[in-house]
Amino acid sequence: MSELTREETEALIQEVLEVYPDKARRDRAKHLAVNDQSVEQSKKCITSNRKSLPGVMTVRGCAYAGSKGVVWGPIKDMVHVSHGPIGCGQYSRAGRRNYYVGTTGVDTFGTMNFTSDFQEKDIVFGGDKKLARLIGEIEMLFPLHRGISVQSECPIGLIGDDIEAVSKKAAKEIGKPIVPVRCEGFRGVSQSLGHHIANDSIRDWVLDRRDGQAFAATPYDVSIIGDYNIGGDAWASRILLEEMGLRVVSQWAGDGTLAEIEMTPKVKLNLLHCYRSMNYISRHMEEKYGIPWLEYNFFGPTKIAESLRAIAAHFDDHIREGAERVIARYQPTMEAVIAHYKPRLQGKTVMLYVGGLRPRHVIGAYEDLGMQVIGTGYEFAHNDDYDRTIKEMGNATLLYDDATGFELEEFIKRMKPDLVGSGIKEKYVFQKMGIPLRQMHSWDYSGPYHGYDGFAIFARDMDMAISNPCWSKQTPPWKKQPESGASTAPREAGELKKVA
Amino acid sequence: MANIMVRKTAVGTYSFYLPKRDFEDAIVAMEFDSSDKWGGEIRLNNGGTYYIEPQALPARFPISLRARRLDAAE
């Protein structure tokens, strides 16, 4: 597909908007934009973080998803109780593939579902007693847990249960931290507020627990913040940092523990990968503990090298040499990966629709493979995310915020990218349309994609999706146009016979 | 009144952050900026203005403050 000009892209947006009633069209028009790199502030061209329109199909999650699923869930040695009816906990159980090390059910609890399973009587008479009993049961059955977080589901806020009081009382009894999180799903417009609420609860209930305690610090202490270890991402990032001489004190939150979180205020630098979900706590630590934070990007060799150098610039020559050494060491491997896949992927186009950091972070990785991102969008970004995205994207490419099912389908039908990077909800829609799709939320059950090791897997996966022979077999032989060539016809007839 | 955070950027200028709205912008003008009197009316890059009660220069940045909105550009 050839590139669209600015006018063509604008016309495309108008065309897609035509089906909406007047008011909805005006509202949605603000969320769709043609990228213009000269714009410095995104809010001049795109509106974000607004309530989704009633009646359209959005793919957003809720505040509970942002808190339990993203920020708190991966902390492996704590029990995260889904407080409320059972569905929220069950459908968010273990779906995000936050890998961890440990014995599940003994000292780690990442893939288990703990819930208070609200029934009618709990709604009518209140669920505080049930919560207190549940905490006692957890303590009895799983004595090696290090703490509990109480993740509120919608009814808790609606009936006005006092989970803070129960948590404080029970925490004293069992001598472990119990964190009440007010992340009822109806709060905010998307999961983004859930991230914020979760960050605030970490700040208020956990972060200062080891203030004033001794800590064997080194000048090279850092923490990885906002890496959820999906398919092992945080591990692939951590080895690079350690190889250049840094000491990774904590991982937030993939494969992270409560102790790591408590020790984070002692580090020298916070390395922030997912800006959207954890910038709040990084800003807090900067103010309270004077720890600077730095956004980095570990997708694709170009961005990794840039990031490693930016990280090293915060330290002395020992680390700077270490960074150069790491970059030089992986260079031949990366060149081999690119030499292998670039000829197969050169010039292919991609459209992304994900959340968090990926709509802008993976652009560099695709460009390393010679591919081009022609459209990108976030489910729940704020203006500051688009500020950062505008510079990464090419001119006249398409930006869509909180795209509806209809818009996304139409854009992709018209722009015909060679690959779509989105989630499970989009996957089969587009694959049935004949367009390869890789899930960029869960790496399509593959991964890691971060770091140098991850890039090799990323390149392989993208090639696997695009070059899969099934895409040329979308049209059944009896519907093929005659000009498709007589030479192919006998072969396909033969194949059919084989199957029969 | 809004809770804001003022931080110093790497190049030494001030930056303004409004957590409630996830809004970050550069401060282009500040009424008072000396060691004994700091704050007053501040103007942001996007044209918005806020008022911080004039005070002694904070010992360290970033710092959370209460500010009054005079004219937000949004």
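Some points to look at:
- Within the same chain, lysines fewer than 8 places from A:Lys23 are excluded, and of the rest, those with a Cα less than 19 Å from its Cα are A:Lys51.
- Working value for the stretch A:324-410: equivalent-ellipsoid semi-axes of 28, 16, 10 Å, each the square root of 5 times a Cα gyration tensor eigenvalue, largest first.
- With a simple spin-label model that places each label point 7 Å from the Cα along the Cα-to-Cβ direction, the separation between A:Glu173 and A:Lys121 comes to 1.9 nm.
- Of all DSSP beta bridges confined to chain A, the antiparallel ones make up roughly 10%.
- Only alpha carbons enter this Debye calculation for the stretch A:249-360, each as an equal point scatterer, and the log10 of I(q)/I(0) it gives at q = 0.12, 0.19, 0.21 Å⁻¹ is -0.58, -1.14, -1.24.
- Pairs from the list A:Lys432/A:Lys473; A:Lys76/A:Lys427; A:Lys44/A:Lys427; A:Lys432/A:Lys479; A:Lys348/A:Lys480; A:Lys413/A:Lys473 with a Cα-Cα gap above 21 Å: A:Lys76/A:Lys427; A:Lys44/A:Lys427; A:Lys348/A:Lys480.
- Size descriptor for chain B, Kirkwood hydrodynamic radius: 12.1 Å (Cα pairs only, one decimal).
- Viscosity 1.306 mPa s, 10 °C: Kirkwood-radius Stokes-Einstein D of the stretch A:1-120 over Cα pairs, µm²/s: 87 µm²/s
- Reciprocal of mean inverse Cα separation for the stretch A:329-469 (Kirkwood radius, Å): 15.2 Å
- Modelled label positions at A:Lys413 and A:Val429, each set 7 Å beyond Cα in the direction of Cβ, lie 1.2 nm from each other.
- Note on A:Ala132 and B:Val11: their simple-model spin labels are 5.9 nm apart, each label 7 Å out from Cα toward Cβ.
- CD proxy at 222 nm, helix term only [per DSSP H run n ≥ 4: -39500 (n - 2.57); per residue of the protein assembly as shown; nearest 500]: -11500 deg cm²/dmol
- Nearby aspartates and glutamates by direct alpha-carbon distance to B:Lys8 (threshold 12 angstrom, same-chain neighbours under 8 apart not counted): A:Glu286, A:Glu287, B:Asp25
- Estimated translational D of the protein assembly as shown in µm²/s (Stokes, Kirkwood radius over Cα pairs; 20 °C; 1.002 mPa s): 83 µm²/s
Where a number appears in this text, it was derived from the coordinates with a stated rule and is not lab data. Note that the coordinates shown come from a computational prediction; the quantities given were computed from them, not determined experimentally. FYI the Cβ positions are ideal-geometry reconstructions off the backbone, even for glycines, and counts take in every protein chain you see.
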